[in-house]
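Values quoted throughout were computed directly from the atomic coordinates according to the rules given, and no laboratory measurement underlies them. Quick caveat, the model's predicted, so the values are computed rather than measured. Counting neighbours? That spans all protein chains shown, and the Cβs are built from the backbone with ideal geometry, glycine included.
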């Protein structure tokens, strides 16, 4: 006979039956003990943990959620997991968070499935496992849980997803979340679109480095057309092609771009890449000079001085040299100085000539410096502006040396 409890006996026929009997009684005892503990936990808490949590009474909330979680409440289990994950009312413990998230997730609670996925995604409290994270997200997404749609979409769009990265699925999930008013999903979609645009743009530039410039130039932007011409003329980012360069110079010039007009004038006057045509050169130089481009004024003055493409007229030459010189062009300053030196188109005036030679020499114009050296060596009286200049002092040192 074996005693079961107080005053209760049971007849046992064999040793095997005795062993089984003792095992069963032990299980019954443990079951009763667990029940008593759960009852004690429940009896120990009478308040609402949600209310206490909102008040910031985290220790009380933790006790309340813990009591309910032990009773199998999936919402309380998820809340308890969050408190462990956030370190609220208890030291942060991702492993305990994972335990309670998993218990809740196994009951099909979508928020807990999402939270458990987040732990796998970041390797907090569990091993880093993108596959496991996605599996948890899928279960929550299957319940149309919007935060899970968003988070799974973000993960699938991220590089850390590795082989699991799926931009198309990510876009679908984020769009679904956006349609439910999720602002983070909307921001992520915008970021993905921006990234896609940047990648497409980079690919276009690899195929055609001048793609952006070409598009603006084709839309009649004069500066872009000019830059296209320069790129073709100099072989920058693209093979040198003077026919294309001239085409873009022409387009920019037709839209009033002074530098492009000058380049066309230079092409017509140099005859380097096309037949020389001084009439056309004068036409384009005049266009550019009339917009205040000093080097164009100088070149137009040179045509008048030589009678190329226009009637020889040194008075007009001096006028245009003067415009270029006043605009700071060193060649025009030297040429105007030469006109005063020779008395061509203006009254001869060595002092004025020296003035313009000095300005040109100060910009490194070697021919102008030679003219000043001649004046120095011949002790020709000159204005103080010239004789007190740094250039004049340098000439004196060179002469003494």
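Hey, what angle do you get for helix 15-44 against the long axis of the chain, alpha-carbon based, 0 to 90 degrees rounded to 10?
Approximately 60 degrees, to the nearest 10.
What does the extension gain come out to for residue 198 and residue 223, with contour length at 0.36 nm per residue minus their alpha carbon separation? Before the final figure, lay out each step's value.
Values: separation 25, 0.36 × 25 = 9.00 nm, distance 2.41 nm.
That pair, residue 198 and residue 223, stretches by 6.6 nm at full extension.
In which sequence would 54, 178 go, from the one with the fewest C-beta neighbours within 10 Å to the one with the most? Walk me through the numbers on the way to the answer.
Details: 54 10, 178 21.
Result, fewest neighbours first: 54, 178.
Computed from these coordinates, which is P(r) over Cα pairs in 20 Å bins from 0, in percent: (i) 18, 24, 16, 17, 16, 6, 4, 0; (ii) 17, 26, 20, 16, 11, 6, 3, 1, 0, 0; (iii) 28, 62, 10, 0?
(i)
How large is the Rg to Rh ratio of the stretch 256-371 when both quantities use alpha carbon positions and Rh follows Kirkwood? Working shown, then result.
Numbers: Rg = 13.7 Å, Rh = 13.9 Å.
When Rh is taken as the Kirkwood radius, the ratio is 0.99.
Test of understanding: ordering 356, 392 by Cβ neighbours within 10 Å, fewest first, what list do you get? Write down the numbers at each step before the final one.
Details: 356 25, 392 20.
The fewest-first ordering by Cβ neighbours comes to 392, 356.
Does a label point 7 Å from the Cα of residue 326, set along Cα-to-beta-carbon, have any residues of the stretch 283-297 with amide nitrogen under 16 Å, and which are they?
Under 16 Å, as judged by backbone N against the label point of residue 326, lie 289-297 of the stretch 283-297.
How many percent of the alpha carbon pairs in the stretch 44-87 exceed a separation of 13 Å?
On the way: 415 of 946 pairs.
So the pairs more than 13 Å apart make up 44 percent of the total in the stretch 44-87.
Sort 194, 82, 228 by Cβ crowding within 10 Å, fewest neighbours at the top. It would help to have the intermediate numbers written out before the result.
On the way: 194 10, 82 18, 228 25.
With the fewest neighbours first, 194, 82, 228 line up as 194, 82, 228.
Summing -39500 (n - 2.57) over the DSSP H runs of n ≥ 4 in the chain and dividing by its residue number, what mean residue ellipticity at 222 nm do you reach, to the nearest 500 deg cm²/dmol?
Values: 22 runs with 288 residues, N = 401.
-23000 deg cm²/dmol, from helical runs alone.
Can you figure out the FRET efficiency of residue 169 with residue 75, using R₀ = 41 Å and their beta-carbon distance, to the nearest 0.05?
On the way: r = 29 Å, r/R0 = 0.71.
The formula returns an efficiency of 0.90 here.
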